[in-house]
1. Which longest run of the chain has no exposed loop site in it, a site being GluC sites (Glu not before Pro) in a DSSP loop with at most 15 other beta carbons within 10 Å, and the site itself not part of the run?
2. Pull out the extension gain between residue 56 and residue 148, defined as 0.36 nm times the separation in residues minus the alpha carbon to alpha carbon distance; nm, one decimal.
3. Which value, in Å², gives the accessible area per residue of the chain when a 1.4 Å probe is used on the protein heavy atoms?
4. Rounded if a/c is under 1.5, else prolate if a/b is larger than b/c, else oblate: which is the range 72-181, with a ≥ b ≥ c the root eigenvalues of its Cα gyration tensor?
5. Per residue of the range 141-155, in order, report the coupling 6.51 cos²θ - 1.76 cosθ + 1.60 (Karplus, θ = phi - 60°) as ³J(HN,Hα) in whole Hz, putting x for Gly and Pro.
6. Relative contact order for the chain: what is it in percent, counting Cα pairs under 8 Å that are at least 6 residues apart?
7. Whole-Hz Karplus ³J(HN,Hα) for the range 196-209, in order, using 6.51 cos²θ - 1.76 cosθ + 1.60 and θ = phi - 60°, x for Gly and Pro?
8. Return the equivalent ellipsoid semi-axes of the chain as a descending list in whole Å, where each equals the square root of 5 times an eigenvalue of the C-alpha gyration tensor.
Amino acid sequence: LQDGVFKLLKNDYKNRIQYYPFYCNLKGERAVEETQRTRIFLYTIIAYALSSLASEDEILVYENGMTSINFYKRQDLINARASRTTHPKALKLLEDFYSIVGEKRKHIRHPFLFNTKTDIFLKIKKFNKTNYLNSTISCTKTFQSFKNNSQATHCGGCSQCIDRRFAAFASNCEDEDAIYDIDLSKDEINNKEAKSHLFDYIKLVSEFNQTSAFNFPYKFMDILTDILPFIEGQRNTDKIYRIFNLTQTHTNQVLSAIQRIRL
């Protein structure tokens, strides 16, 4: 998959892309713990080494803001149970750590922090690169064998697949999107875990939809407290307003996607 994406990039942006693959894998048996929660340490430490060799002063980490902030969808998905892979706090702490070890500060930037997944789809569409979409993988269940569609590259029921499918419909890119074993836009979802993910996802959107700029800081105080010190800017009120706007953009896009699916 990475080789395929690299070929696309190399063809479209000649002499601008350098590819440094690193093979990392367990051998012999499946891991007991498969969340890969330390992957951002692996990725950024490689980036730190390569950027140092290239005399670059910053590292860019790409993820949409809703995934990075990761508003918890239910009570059993908080604290250590929630992914903080690209959370601003995690990136800032890694930056501080690398600056101590490397004896030179190298900034870790998150350019899409205030973009939704739909926003990213729209950026890709704007530059006529929708052919890239089905060359990428978002699914967290790729180790499973797909039962409904042998051509599928995505399960369709994990949280990442659900987010991606809604973003595809919200950006009118559903026909260029990946192939799903269970497509939420047309298939009946019988898997209990997939149902739970879909319910939690829509429930959170519903909460955002019923939240005003006034009560947003009070309703999500714990999440905001954890992130505000690590977002650039002087005034917390401005930071909160930007995060609130992100949630409202996400909400409107998902509701638009649901409307298109229902039609």
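1. That would be 104-187.
2. Value of the extension gain: 28.5 nm.
3. Accessible area per residue, the chain: 63 Å².
4. Since a/c reaches 1.5 and a/b is larger than b/c, the shape of the range 72-181 is classed as prolate.
5. Once θ is set to phi - 60°, the couplings for the range 141-155 become 10, 5, 6, 8, 8, 7, 9, 8, 9, 5, 8, 5, 10, 10, 5 Hz.
6. 18 percent
7. 5, 4, 5, 4, 4, 5, 5, 4, 5, 4, 4, 5, 4, 5
8. 28, 26, 19
The values are calculated or read from the model by the stated rules, or taken from the named source; none is laboratory data. The shown structure was predicted, so the numbers you read here are calculated from the model rather than taken from an experiment. Here the Cβ is made from the backbone with ideal geometry for all residues, glycine too, and neighbour counts use every protein chain on show. For accessibility, only protein heavy atoms count, side chains too; no ligands or nucleic acids. Shrake-Rupley method; radii C 1.70, N 1.55, O 1.52, S 1.80 Å.
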